[in-house]
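Novice: Mind having a look at this structure? Questions to follow.
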Amino acid sequence: MRQIINKNATEEKSQQELSTVPGPLVIKVLIENSLNDIFDEAKQEWELVTNIPNDSDEFAENCELCNHRNYKENWLIQNTNTKNF
């Protein structure tokens, strides 16, 4: 019984730790590759181009934006002003 309670508490904590708020590395890299120096404005310069599945030759093991390990797919984004990826 104690293990189940601890397991549920751990799962709840993990779910609470998940966030869509960008970390400092994402903010830094995005601003460095944008024309705007303000994150909320810089992120408006980017749009989704496509996704790349993990069986593609173009698949990258780590995200170039946040350095997170990719397992399933990559999301390719492009700056609408500079056309850089």
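Novice: Percent relative contact order of the range 23-85, based on C-alpha pairs within less than 8 angstrom and at least six residues apart?
Specialist: 34
Novice: With a point put 7 Å past each Cα toward its Cβ, work out how far VAL49 is from ASN81 in nm, to one decimal.
Specialist: The modelled label-to-label distance comes out at 1.8 nm.
Novice: While we're here: Calculate I(q)/I(0) for the range 23-85 by the Debye formula, one identical point scatterer on each C-alpha and no solvent, and give its log10 at q = 0.12, 0.28 Å⁻¹ to two decimals.
Specialist: Values, matching the q order: -0.30, -1.19.
Just so you know, all these numbers are worked out from the coordinates, no wet-lab data involved. Just so we're clear, the structure is a prediction, and the values are computed from it rather than from any experiment. In this analysis, Cβ positions are derived from the backbone assuming ideal geometry, glycine residues included, and neighbour counts consider all displayed protein chains.
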